[in-house]
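Participant: Can you read through this structure? Questions will come right after.
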């Protein structure tokens with residue numbers, strides 16, 4: 001089938017697949033790289049315009065050889081809007097988007113195309129026509145109406161197949177395989193080791209400290225008022241006018257930290273130009289005011305009287321007062337103090353009445369006189385009948401407590417040394433007294449006892465002389481046997497130590513006693529055995545200077561007080577078990593409670609420390625009632641819950657100290673009485689005090705060479 005196409009020469013050559021193009025300007029040859037073929041049988045000869053359009057659509061792109069270049073450049077046909085697309089380009093597109101066509105029901109058009117021209121509404125068929133089309137047309141059931149254009153759209157067989165599968169709840173895509181091979185990336189088998197060897201950090205299990213700091217800053221800012229919540233931001237309208245004499249703190253300011261300046265004090269009556277007569281100064285007061293320096297004057301002006309206000313001259317101190325006021329406003333800092341509304345009675349501890357705590361010593365009953373010089377130490381025997389004392393005169397005196405009469409004495413002052421410490425042997429019937437004088441210890445037996453007590457005491461002291469002595473590497477002490485003359489006077493044993501002895505104290509069994517010589521260094525503390533005449537140093541090395549030592553009343557414990565600490569040692573295990581930290585600068589004296597769980601410590605910095613060793617190694621109570629250094633602290637060893645302290649201020653303070661058997665209840669400390677009577681000489685007062693073993697009586701001695709009994 002052949003026919004002639006009414007097209008130009010160029011189109012004919014394209015149809016024959018042969019074409020050579022020549023440039024009109026340079027007559028250069030253009031090579032046709034590719035042409036498209038088409039089937040002439042598909043072209044209908046009825047409409048020439050449609051044929052021309054189809055031929056143009058079949059023409060493909062050309063590659064044009066650019067003159068002067070070896071490479072080829074693609075030449076594409078001119079793009080015409082509406083053509084050259086994969087979709088149908090001959091149809092009119094409605095550009096109204098997702099707008100419903102109900103908006104155009106009252107208009108002849110249904111929208112606008114890309115050029116802004118109206119798209120007219122298509123002719124709609126009646127219901128009868130649509131029914132006939134479905135009957136006559138085999139494909140009548142395969143079309144839908146486009147809601148945007150109102151035209152019929154025919155569905156292809158593929159689209160109908162997809163719709164059918166969706167209705168039957170099948171997979172629309174035939175190429176999709178729902179049962180593909182499953183790749184088990186993470187197996188169900190539990191591994192024993194983690195994929196990462198790094199352990200979980202601790203920060204994931206504890207609250208964040210940085211977040212806590214940020215929150216606390218915000219909370220603190222809210223409390224101080226630097227951050228104001230929304231409820232409190234509502235401003236209350238203040239009146240423009242206010243009373244200038246009202247309290248300035250009630251006035252609100254813009255800044256939360258603003259503190260108003262204090263107002264100038266109001267003028268008084270004497271600042272009036274016509275004050276009353278009683279406010280006018282006399283001539284003596286005027287002369288005194290003129291002779292006083294400007295800084296020391298109570299008032300910077302003198303009141304004066306004028307007949308009328310117009311006669312009042314200018315104030316000569318006005319500029320000076322204004323200058324000082326400006327300095328105060330500029331240099332003086334302002335601080336807002338938050339006062340606590342606390343009931344003062346709630347701060348005072350509830351203490352029992354003094355009448356409920358009796359008996360305790362309140363007045364001086366007997367004064368024991370006879371010593372020459374200061375009395376440093378006193379002690380009462382276990383029966384409560386005899387009182388022993390020693391002082392600067394070097395004489396040990398025995399007093400009968402009831403009568404105040406001196407019964408016996410022994411002179412230890414061979415080397416003009418004072419007696420620093422004296423103690424009765426703590427047995428049922430006290431018999432032996434040990435007294436330290438210089439670097440010697442005298443073991444004395446007063447003649448006031450019967451023969452049986454004397455014989456038992458002499459036998460105990462002489463046992464050591466009959467035993468074989470074991471020599472140590474270091475000779476710590478020398479046990480000397482007195483001559484017959486000294487024995488007749490009451491001396492049983494003389495113990496010599498290299499350095500001056502400050503304190504002696506007995507063990508509760510009456511056979512061991514300890515001495516303190518602060519100048520001896522590592523051998524400053526010695527423990528002596530009376531029955532065997534042996535001495536030993538419990539410490540190889542001593543840290544600090546030992547001030548006082550004490551034996552525990554019930555346990556094998558040994559207390560050694562240095563300048564700042566009290567160390568507790570176990571004598572059986574021979575080890576340090578506790579260090580008490582009283583928190584003072586220099587310890588002067590200590591004493592142990594009869595039950596052994598509490599200790600009181602006196603210091604040179606005027607403090608009395610009560611330490612509950614079951615509670616803590618630090619002070620339970622600190623009492624600061626004395627004006628000068630403490631010299632002695634003592635517990636009552638009997639049934640009365642009393643203790644006392646003596647000081648260089650010349651007073652003795654008596655306290656009630658109840659210790660309960662219930663460990664859940666702390667000790668009760670109540671100040672009872674301040675006893676005054678001793679004289680103060682050379683800034684020295686009361687040196688020592690001792691309680692009566694059976695009565696609530698107190699003995700004290702001091703620098704005034706007297707011993708006083710307080711009952």
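Participant: For 437, 364, 701, 326, what ranking results if the residue with the fewest other Cβ atoms within 10 Å of its Cβ goes first?
Facilitator: Numbers: 437 25, 364 17, 701 28, 326 10.
Placing the least packed residue first, the sequence is 326, 364, 437, 701.
Participant: While we're here: Starting from the Cα coordinates of the range 551-686, work out the convex hull volume and express it per residue in Å³. Intermediate results must be reported in sequence, preceding the final value.
Facilitator: Values: hull volume 14.4 nm³, N = 136.
Value for the range 551-686: 106 Å³ per residue.
Participant: R0 = 35 Å: FRET efficiency of residue 498 with residue 456, Cβ-based, nearest 0.05? Could the numbers behind the result be given before it?
Facilitator: Working: r = 31 Å, r/R0 = 0.90.
The formula returns an efficiency of 0.65 here.
Participant: Determine the gain in length on full extension of the stretch residue 290-residue 545; use 0.36 nm per residue of separation and subtract their C-alpha separation, reporting nm with one decimal. Can you show the working numbers first?
Facilitator: On the way: separation 255, 0.36 × 255 = 91.80 nm, distance 6.19 nm.
Additional length available on full extension: 85.6 nm.
Participant: Could you check the simple spin-label distance between residue 223 and residue 95, using points 7 Å along Cα→Cβ, in nm with one decimal?
Facilitator: That separation, rounded to one decimal, is 6.9 nm.
Participant: Shifting gears a bit: Kindly put 597, 614 in sequence by how many other C-beta atoms sit within 10 Å of each C-beta, fewest to most.
Facilitator: Result, fewest neighbours first: 614, 597.
Participant: How would you rank 591, 173, going from fewest to most other Cβ atoms within 10 Å of each one's own Cβ?
Facilitator: So the ranking, lowest neighbour count to highest, is 173, 591.
Participant: Shifting gears a bit: Calculated FRET efficiency, residue 274 and residue 298, Cβ-Cβ r, R0 22 Å, to nearest 0.05?
Facilitator: After rounding to 0.05, the efficiency reads 0.50.
Participant: So, R0 is 41 Å and r is the distance between the beta-carbons of residue 402 and residue 350; what FRET efficiency does that work out to, to 0.05? Don't jump to the answer; show the numbers that get you there.
Facilitator: Numbers: r = 40 Å, r/R0 = 0.97.
Once rounded, the FRET efficiency stands at 0.55.
Participant: Sorted from largest down, give the three principal axis spans of the alpha carbons of the range 248-331, whole angstrom values.
Facilitator: Sorted from largest, the Cα extents of the range 248-331 read 53, 30, 22 Å.
Participant: Using 0.36 nm times the number of residues separating residue 210 and residue 339, minus their current alpha carbon distance, what extension gain do you get?
Facilitator: Here the answer is 43.2 nm.
Every read-out reported here was derived from the displayed coordinates using simple, explicitly stated rules and does not represent laboratory data. Because the structure is a prediction, the values reported are computed rather than measured. Cβ: placed from backbone, ideal geometry, glycine included. Neighbour counts: every protein chain shown.
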